Structures are given as structure tokens and as C-alpha cells.
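Worksheet for the structure shown next.
Nothing in this text is a laboratory measurement; each read-out follows from the coordinates by a stated rule. Nothing here was measured: the structure is a model prediction, and the numbers come from that model. All Cβ positions, even for glycine, are placed from backbone atoms using ideal geometry, and neighbour counts span all protein chains on display.
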Amino acid sequence: MTAPPATRAVPASGVADDRTVRASTVFVALLRRDIRVARRELPYFLVRTIMQPIMFIVVFGYLLPKMGFVRSSYTAALLPGVLALSLTLAAIQSVALPMVQDFGWSREIEDRLLAPIPIPLIATEKIVMGVLQGVIAALVVLPVARVIMGPIPGLTLAHTGALVVVTIVGATTFSTLGLLIGSMISPQQIGLMFSIIIAPMIFFGCAYYPWRGLDVVPVVQYAVLVNPLVYVAEGMRGALTPDLPHMSLAVVTGAQLVILTVFYTLGMRSFMRRAVG
């Protein structure tokens with residue numbers, strides 16, 4: 001299946017033909033439609049994406065320090081990781097779950113494929129929506145975590161620029177991963193996404209401990225470098241709690257861009273194969 005040309009036809013009279021529209025107009029229309037749907041389902045989205053991070057905040061950031069099992073300073077390492085986790089879950093799920101349904105037996109994706117827009121832009125719109133929802137999840141969790149955990153040693157918003165870069169690039173990376181996952185698996189295999197992909201990524205993504213803390217286990221320390229969550233969590237630590245040991249922000253950004261390029265290439269290829277197959 002191919003999409004119609006993405007330019008507006010202009011006859012010799014110089015008046016644009018209303019029967020065709022620019023690709024950018026269709027792209028914005030699709031994005032506005034998804035935003036409207038997301039606004040209606042905002043409570044469900046928040047429950048789905050921030051419930052797990054909030055539970056970890058309550059247990060590890062409030063209860064265990066109160067009981068004396070962990071030092072109160074642990075919250076400085078935990079908060080950035082939980083923000084990275086919230087962003088990750090929101091970005092992946094908001095792209096992968098609807099796409100699995102769209103490519104299911106009902107082929108709901110056909111409606112979008114018939115739009116007068118190049119097919120890769122349809123996938124790009126999905127990624128943009130994933131980025132928006134990932135950023136929203138992080139913005140919601142940050143103040144909630146601050147209220148639950150109380151004062152956090154070394155927390156600063158002085159490095160806002162670095163925080164914005166890490167957040168946007170990280171959300172884009174995991175949105176493209178959601179594109180890849182959603183276009184590869186069938187609805188019957190959706191459970192595998194959480195048990196085989198998401199769960200290991202969470203526990204070995206340095207969300208609940210700094211990467212430098214793995215110095216005591218060098219094999220694991222270098223093995224987890226294939227995990228994209230590591231770089232988002234470490235980037236958040238470098239921006240929010242820079243007094244803690246963390247990866248260089250330059251290394252974090254470079255690694256994120258490399259992983260983003262790989263996921264985007266593979267995800268777009270998988271999407272096109274499912275769309276035109």
C-alpha cells in the first residue's frame with residue numbers, strides 16, 4: 001500500500017485544489033486527534049504509567065528510610081532513576097500497546113494508511129505522541145516524589161538545559177523502541193513484552209542504584225551498558241543530583257543518540273514491512 005503524494009496540487013490558475021492537502025496538515029490533524037484521545041484517557045494513562053514508580057517511591061523513598069533500613073540520602077539516587085523509569089514506561093507503552101492493537105486482526109491501522117501522507121510520517125506521529133506522554137509522566141512524578149520523600153540531598157534544578165535534553169532524547173529513544181516492539185509482536189505475545197523486555201530493562205537499568213555503584217561487579221557494570229534505560233537514569237542524576245557519582249552527560253547524550261538511531265532505523269523498517277505487507 002502506498003500513500004498519495006504529500007504536496008498540495010496547485011492548478012495553472014494559482015488556486016490550491018481543496019481535494020488535496022499538505023502532508024504537514026495531515027500530520028498535525030493526526031497528532032491533534034491523538035492528543036484529544038489522550039486527554040480523555042489521561043487518568044487511565046497516569047495510572048498505567050506512574051503506578052509502579054510511585055509504589056517504589058513510597059516503599060524505598062519513604063518507608064525504608066523511616067524504618068532505618070536505608071539511609072535517607074538514598075533518595076538522591078532514587079529520584080532521578082524513578083523519573084527515568086516513569087518516562088520509559090510511558091513512552092514505550094503509549095506507542096507499543098496501541099500499535100499492537102492497530103496491527104491486530106482488525107487492522108485498524110488501515111484508516112491511517114489511507115490518509116494523504118507518506119507512511120513513514122504516520123510512524124513518526126506515533127513517536128511524537130510517545131515523546132509527549134513520556135515527558136508528561138516525568139513531569140507528574142517529579143513533584144509527587146518530592147512531596148512523598150521530603151527534602152532530597154543535593155537536588156537542584158540549576159541544570160535545566162541538560163535535564164531537558166536528557167528527557168526529550170530519552171523519551172524519543174523509548175518511543176522508537178515502542179515503535180519497534182509494537183510493529184514486531186502480535187496481540188497474543190503482548191505479555192512477553194513485559195516479562196522478557198521491560199522487566200529486565202527496569203531492574204538492570206540503574207533506575208534504583210547508580211551505575212558507578214556497580215564498580216564492585218565489573219562484569220555486570222559493563223553488561224548493562226546495552227540497556228538504554230541506564231543512560232536516561234544516569235543523565236537524570238547528572239542533571240538533578242550532580243553531587244552523586246554519575247556518567248558524563250556528554251557520554252550519556254552520545255550513547256542515547258546512537259541507540260535512538262538504531263531503534264528508529266529498525267522500528268521504521270519493521271513498521272513499513274507490516275504496513276505494506
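For region 17-105, what mean projected area does the convex hull of the alpha carbons give, in nm²? Present the calculation step by step, with values, prior to reporting the outcome.
On the way: hull surface 35.5 nm².
Averaging across all directions leaves 8.9 nm² for the Cα convex hull.
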Next on the checklist: Please compute the length gained on full extension between E110 and F203, using 0.36 nm multiplied by the number of residues separating them and subtracting their Cα-Cα distance.
Outcome noted: 29.8 nm
Checklist entry - What is the distance, in nm, between label points placed 7 Å from the Cα along the Cα-to-Cβ direction at V251 and at V47? => result 4.2 nm
Checklist entry - Once the dipole of region 118-277 is set up with Lys and Arg at +1 and Asp and Glu at -1 on Cβ about the Cα centre, which of L139, S183, I127 lies farthest towards its positive end? => result S183
Next on the checklist: How much length would be gained if the chain were fully extended between S186 and V147, taking 0.36 nm per residue of separation minus their Cα-Cα distance, in nm to one decimal?
Outcome noted: 10.0 nm
Checklist entry - Could you give the alpha-carbon Rg of the chain over 2.2 N^0.38 Å, rounded to two decimals? => result 1.11
Next on the checklist: Give me the percent relative contact order of region 184-277, please, defined on Cα pairs under 8 angstrom at least 6 residues apart.
Outcome noted: 24 percent
Next on the checklist: Can you tell me, using C-alpha contacts under 8 Å and at least 6 residues apart, the relative contact order of the chain as a whole percent?
Outcome noted: 26 percent
Item to check | Whole-angstrom gap from region 237-277 to region 27-77, using each part's C-alpha centre | outcome: 21 Å
Item to check | Average Cα contact separation per residue, region 57-173, under 8 Å, 6 or more apart, as relative contact order % | outcome: 40 percent
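Excluding R237 itself, what net charge comes from residues whose Cβ is under 11 Å from its Cβ, given Lys and Arg +1 and Asp and Glu -1?
-1
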Checklist entry - Put a dot 7 Å past each Cα toward the Cβ at Q221 and M67; how far apart are the dots in nm? => result 3.0 nm
